[in-house]
Amino acid sequence: MRLQGRSNKGSWPLLWLLPVAMLLVTCAPDEPNSVKEEAPALPALPPTPGFDQDSAYAFVQKQVDFGPRVPGTPGHKACADWMVAKLRGFGATVIEQTASVTVFNGQKLPMRNIVASWNPQAKERVLLLAHYDTRPFADKDDERTGEPILGANDGGSGVGILLEIARHLALKQHGPGVDMLFTDVEDYGQPNGAMSADDNSIATWALGSQYFSKNPHVANYKARFGILLDMCGAKDARFYREAISMRYAPRHRGPHLENRFSPRSWRTFRGRDQVFRGHG
């Protein structure tokens, strides 16, 4: 804007007034009726139960001390006996499922699922699962292929976490209905199997889980929630939700919890979204 009849020198006072005026407008109080919208506060989560990581690692070490826990071997039996004794010591009602199963090569092996329950009278139940057997050959290893694995991570880590949870359940007089299922003959699947629904080799895996699905420890058993722990001891591990959980878990999560989880945590873990169709 050009001021008529003024010299450039005379316009300087007006130029200085402009920023002052803008500052006054900026600092002016809000309208009496204006209300700032505030983001709703997230509801507080319930207290988190105790968990001692050193204790969980000690449970993993104890399993490794038994050596490979391949079904049908002394180390496997000794580990299962120790687990049953610990679970009963933690106040659980323990039921063992024993059967003979046929693995991929036609060999018959003993299977021993272990079910531990707290507050068995409760109708609403939570099911926690982990397998405790170890792979009889390291077909995915570049160095010691064909040798049985110790399974500190694959087998030991999930069991170690559940045993630590069991230790704390023993300290609660009145808690929720919790069942822990320690499955057997999970990792005796066909070597280098594709583990996909389009490959028949998928049926050679998770024989203990397949048995339980057809023969639950109590009639008409149904859990409201189920959490499976497997290979959860790796450094900087990230746990992705597979396709089945992507379908069913969101409705139980609740909108108020949406911002508490990183999207990375809930990314689908492709390749682990298969169901044992026709096998329970």
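What follows is calculated from the coordinates using simple rules that are stated; it is not laboratory data. If you're wondering where the values come from, they're calculated on a predicted model, not measured in any experiment. Positions of Cβ are generated from backbone atoms using ideal geometry, with glycine treated the same way; all protein chains shown enter the neighbour counts.
Annotations
- Loop trypsin sites (Lys or Arg not before Pro), region 60-155, which have at most 15 other Cβ atoms in a 10 Å radius of their Cβ (DSSP): Lys123, Lys140, Arg144
- Taking all Cα pairs closer than 8 Å and separated by 6 or more residues, the relative contact order of region 107-204 comes to 41 percent.
- Net lengthening on full extension, Asn200/Leu228 (0.36 nm per residue, minus Cα-Cα): 7.8 nm
- Modelled this way, with points 7 Å down the Cα-to-C-beta line, the labels at Asp65 and Gln107 are 2.8 nm from one another.
- GluC sites (Glu not before Pro) restricted to DSSP loop in region 110-202 with at most 15 other C-beta within 10 Å: Glu124, Glu143
- R0 of 35 Å, Cβ-Cβ distance Ala99-Asp236: FRET efficiency to nearest 0.05: 0.35
- Efficiency of FRET from Cβ geometry, Val218 and Asp52, R₀ 30 Å, rounded to 0.05: 0.45
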